[in-house]
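Heads up, the thing below is written out as structure tokens.
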Amino acid sequence: MKITICGSIAFQSEINSVKKKMELLGHEVKIWPLELKDGEGNLIPVEEYYKIRKSAANDEKWVWDRKAEAILEHFNKVAWSDAILVLNYDKKGVKGYIGGNTLMEMGLAFYLKKKIYILNEVPELSYKEEILGVKPLIINGDLSKLNEK
């Protein structure tokens, strides 16, 4: 199956690990880019960009241009895939965190009638109803469930 992994950039090491496991299971897997261009056009690791973005001013054009590019690129990967897998680990004191970008990707996948899998239980967030409303399959850490409907 063609699967796009969605989740916070803060989970980069976990995402790399899960991607490898999924590929060993025979899936074709896409994630976000590992590098982005900085304000001078030099490639920087996505983790470095994430740190810069967290403290960027609202008018720091290159930062928000890269954010828009990354959103569109990941939307294209969702459209390419048969399913998305949301990796939701603990973040910001929230067990199984799912952030705004991931929620948007889940909405797109739902609209495009893609399967939506969530690795762990749905977190207690103000938008929990929206997460449940896209009818995800919660796999409780078991990647072998990725072929289930």
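Where a number appears in this text, it was derived from the coordinates with a stated rule and is not lab data. Quick caveat: nothing in here was measured; it's all calculated off a predicted structure. Neighbour counts are summed over all protein chains in view; Cβ atoms, including those assigned to glycine, are modelled from backbone coordinates with ideal geometry.
Structure above, values below:
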| read-out | value |
| --- | --- |
| Sorted by Cβ neighbour density within 10 Å, fewest at the top, the residues Ile9, Ile116 | Ile9, Ile116 |
| Computed log₁₀ I(q)/I(0) - Debye formula, equal Cα scatterers, no solvent, the stretch 43-149, q 0.16, 0.21, 0.22 Å⁻¹ | -0.81, -1.19, -1.24 |
| Packing-based ranking, highest mean first, of 77-84, 140-147 given that Cβ atoms within 10 Å are counted | 77-84, 140-147 |
| Placed amide H near Leu36: partners under 5 Å, 5+ positions off or other chain | Ile44, Val46 |
| Debye, to nearest 20: dipole size of the stretch 1-137, +1 on Lys, Arg Cβ, -1 on Asp, Glu Cβ | 380 |
| For the stretch 64-75, Karplus couplings with θ = phi - 60° (6.51, -1.76, 1.60), whole Hz, Gly/Pro x | 7, 4, 5, 4, 4, 4, 5, 4, 5, 4, 6, 4 |
| Whole-Hz ³J(HN,Hα) from phi, Karplus 6.51 cos²θ - 1.76 cosθ + 1.60, for the stretch 5-13, glycine and proline x | 8, 10, x, 5, 4, 5, 9, 3, 5 |
| Built amide H within the under 5 Å cut-off of Lys30, gap 5+ | Ile3, Thr4, Ile5 |
| Distance violations [Cα-Cα > 32 Å] among Lys61/Lys145; Lys67/Lys128; Lys51/Lys95 | Lys61/Lys145 |
| Largest-first ellipsoid semi-axes for the stretch 16-56, taking √(5λ) over the Cα gyration tensor eigenvalues, angstrom | 28, 11, 6 |
| Karplus (6.51, -1.76, 1.60) ³J(HN,Hα), θ = phi - 60°, over the stretch 15-31, in Hz, Gly and Pro reported as x | 5, 4, 5, 5, 4, 4, 4, 5, 5, 5, 7, x, 7, 9, 10, 10, 10 |
| FRET efficiency, 1/(1 + (r/R0)^6) with R0 22 Å, evaluated for Leu34 and Lys61 via beta carbons | 0.45 |
